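A short worksheet on the structure shown next.
The values are calculated or read from the model by the stated rules, or taken from the named source; none is laboratory data. It should be emphasised that the depicted structure is a prediction, and the values quoted were computed from it without experimental measurement. Counting neighbours? That spans all protein chains shown, and the Cβs are built from the backbone with ideal geometry, glycine included.
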Amino acid sequence: MRRGADQQEAAEGPAALAELPSYVDELSAALERAGAWRELARRRRCGVLVATFAAAPRPARALLLHLRDFDDITSKSLALILDDMDQPEAASIVKRYIY
């Protein structure tokens, strides 16, 4: 696992997931299709909230909004984590908005 991807955002400075409104629906659909949102929650230390997210109509969207509001992750770091999770479709969605 690329630990740098999880820790890199602190050095980047910009607002956490600033681009999220542009891609939240598309990304959440991809994460739900792949069943990858639970792993993303675990990697972002939100594993204890999985049941809460799972109860939402759109669990991946609930997770992403939680990350935007309560985590300092950036879109760039999110894309790196998704790559590390072997989720190229999800990572490419994020990358379209940051590169």
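Some points to look at:
- Boolean, residue 27 is under 12 Å from the mean Cα position of the chain (by Cα), part of a helix (DSSP H, G or I) and in contact (Cβ under 8 Å) with a residue 40 or more places away in the chain: yes
- Cβ-Cβ distances below 9 Å connect the following pairs, each with a first residue in region 36-59 that is under 19 Å from residue 83 (Cα atoms) and aliphatic (A, V, I, L, M), a second residue that is at pLDDT below 95 and exposed (fewer than 13 other Cβ atoms within 10 Å of the Cβ), and a separation of six or more residues or different chains: 41/47.
- Members of region 47-99 found to be within 19 Å of residue 15 (Cβ to Cβ), out of contact with any helix residue (DSSP H, G or I) (no Cβ under 8 Å at 6 or more places or on another chain), of a type in the set (D, E, K, R) and exposed (fewer than 14 other Cβ atoms within 10 Å of the Cβ), listed by number: 69
- Selection of region 60-78 for residues being part of a helix (DSSP H, G or I), hydrophobic (A, V, I, L, M, F, W, C) and touching a residue at least 12 places away in the same chain (Cβ under 8 Å) yields 60, 63, 64, 65, 67, 78.
- For residue 86: the one exception among (1) closer than 13 Å to residue 30 by Cα; (2) of a type outside the set (Gly, Ala, Ser); (3) assigned to a helix (DSSP H, G or I): (3)
- Output for region 84-94, where each listed residue is acidic (Asp, Glu) and either touching a His at 6+ places or on another chain (Cβ under 7 Å) or touching a residue at least 24 places away in the same chain (Cβ under 8 Å) (or both): 84, 89
- Count of residues meeting criterion [at pLDDT 50 or above, in contact with a Ser or Thr (Cβ under 9 Å, 6 or more places away or on another chain) and crowded, with 16+ Cβ neighbours inside 10 Å] in region 6-29: 5
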